[in-house]
1. For region 5-20, enumerate the residues that are hydrophobic (A, V, I, L, M, F, W, C), farther than 11 Å from Lys39 by Cα and surrounded by 11 or more Cβ atoms within 10 Å (Cβ to Cβ).
2. Quick one: what pairs do we get from region 42-58, first residue closer than 23 Å to Pro21 by Cβ and free of Cβ contacts under 8 Å to residues at least 24 places away in the same chain, second charged (D, E, K, R) and in a strand (DSSP E or B), C-beta under 8 Å, 6+ apart or different chains?
3. Looking at Gln45 and the list (1) closer than 30 Å to Leu112 by Cα; (2) at pLDDT 90 or above; (3) not β-branched (Val, Ile, Thr), which single condition is not satisfied?
4. Determine whether region 51-72 contains at least one residue that is under 30 Å from Asp127 (Cβ atoms), surrounded by 13 or more Cβ atoms within 10 Å (Cβ to Cβ) and of a type in the set (S, T, N, Q).
5. Keeping to region 5-33, report how many residues are outside any helix (DSSP H, G or I) and under 15 Å from Ile104 (Cβ atoms).
6. How many residues does region 88-130 hold that are in a loop (DSSP other than H, G, I, E, B), in contact (Cβ under 8 Å) with a residue 60 or more places away in the chain and basic (Lys, Arg)?
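The values are calculated or read from the model by the stated rules, or taken from the named source; none is laboratory data. In this text the structure is predicted, and so the values were computed from the model without any measurement. Note that each Cβ is placed from the backbone with ideal geometry, even for glycine, and that neighbours are counted across all protein chains shown.
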Amino acid sequence: MKIRIRDVVAGGYQIEYTIKPADIGLENEDFLDPEKPLKVSADLQKVDNVLIAQVHVIYTREAFCARCLEHFSRPAALQHEIDFDIVPGDEWVDLGERIREEMILEDMPRVLCRANCLGICPDCGADLNTEKCQCDVPLNGVMKKKRSQ
């Protein structure tokens with residue numbers, strides 16, 4: 001997503017794109033489905049020798065819950081201001097590369113499918129969100145029967 005610097009006039013410049021993650025190098029990231037599009041919009045302004053982009057990206061976040069290991073998808077958004085120093089002789093800025101960097105930095109490695117996820121039992125492997133545990137020990141605040149001696 002290269003932006004021609006001279007297209008950003010005094011009144012600003014607005015863009016809207018629907019792109020695939022591969023278009024900006026995100027095809028191998030775990031938090032995105034490579035087939036689901038990213039909706040990118042940006043308002044660009046030139047102030048002295050700086051190009052300022054107010055970027056908004058809407059996408060579908062793919063993840064495995066850190067507690068129960070269930071795969072889930074949910075809508076997500078990134079809002080960020082990206083500044084480019086304009087060097088004399090430069091004709092283009094690569095907005096796609098900077099969006100890719102910001103999305104990777106925003107990715108949270110530990111996410112939950114929902115705030116009250118109970119997780120899985122480390123002894124029997126039961127998903128405590130959907131089934132009762134068959135173990136007999138108290139664990140992490142979840143009350144269970146006393147383990148037989």
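1. Correct list: Ile5, Val8.
2. Correct list of pairs: Ile58/Lys39.
3. Evaluating Gln45 over (1) closer than 30 Å to Leu112 by Cα; (2) at pLDDT 90 or above; (3) not β-branched (Val, Ile, Thr) leaves (1) as the failure.
4. Checking region 51-72: at least one residue is under 30 Å from Asp127 (Cβ atoms), surrounded by 13 or more Cβ atoms within 10 Å (Cβ to Cβ) and of a type in the set (S, T, N, Q).
5. Summing the residues that are outside any helix (DSSP H, G or I) and under 15 Å from Ile104 (Cβ atoms) in region 5-33 gives 8.
6. So the count comes out to 0.
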